1. Quick one: Cα centre-to-centre distance for region 1-64 and region 69-91, in angstrom?
2. Any chance you could run the full-extension gain for S49 through S122? It's 0.36 nm times the residue separation minus the Cα-Cα distance, nm to one decimal.
3. Based only on other Cβ atoms within 10 Å, what is the fewest-to-most ordering of F127, F8?
4. Apply the a/c threshold of 1.5 to the C-alpha gyration tensor of region 84-132 and tell me whether it is rounded, prolate or oblate.
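Just so it is clear, none of the values below were taken in a lab; they were calculated from the coordinates. On a predicted model such as this, the values are computed, not experimentally measured, just so you know. No Cβ is skipped: glycine too gets one built from the backbone with ideal geometry, and neighbour counts run over all protein chains shown.
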Amino acid sequence: MLERRVEFSVLDQAYRSERDGRRRSHLQVIWLLLQGNPVSEVARVTGFSARWINLLIDRWNAAGLTGLGDRRRHNKGARPLLDDKGVAALDAALRAAPADGGVWSGRQVSAWMSDYLGRPVSSKRGFDYLHRLNYSRQQPRPRHAKAASPEEQGRFKKNSPRPWRRLADTPPVTRAPGTRAQNQPPGSKSGLSTSIASG
């Protein structure tokens with residue numbers, strides 16, 4: 001049963017002035033219920049389920065206007081698997097080689113965490129902690145099946161044309177707009193600018 005916690009005019013003003021969409025829709029539900037609409041009709045109009053509307057009624061009855069709106073921002077979430085001491089221990093372990101050799105993987109980190117915590121840990125959590133500690137997957141670049149051998153690469157380098165280099169004794173070509181370059185031959189195609197409108 002919905003309690004009348006505030007005057008209808010106060011609720012109406014709160015509804016009309018609210019800028020947060022979630023809180024506004026919660027206020028709309030209460031506003032419609034206080035007008036005498038049944039839960040089924042309010043569910044049809046607002047798109048909320050009857051179960052959610054009943055939860056909103058409970059929140060309204062317990063806290064009034066302050067009980068409505070998005071309360072997820074106050075949810076701290078789950079406690080992390082490893083505390084600061086555990087993260088430091090994992091970071092120290094990652095600096096050494098893993099127990100079975102090779103490189104660290106999410107599976108190996110989760111096995112280490114399982115030993116440390118005394119309970120099973122998903123390999124996904126191990127992968128997450130690798131990323132949290134700024135480790136990234138390192139693997140060699142794949143080699144193309146038809147790649148040249150080192151001897152073929154050496155022959156190619158010897159027979160390749162030299163890269164372009166600017167000659168030291170030739171000044172760079174410079175010119176002002178609409179003029180011929182200083183060291184440009186007279187019959188060159190890129191001579192003086194001409195207007196296409198001249199007739």
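1. Spelled out, the Cα-based centre of one part sits 34 Å from the other.
2. Between S49 and S122, full extension yields 22.8 nm more.
3. Exposure proxy ranking, most exposed first: F8, F127.
4. Rounded is the answer for region 84-132, as its axis ratio a/c remains below 1.5.
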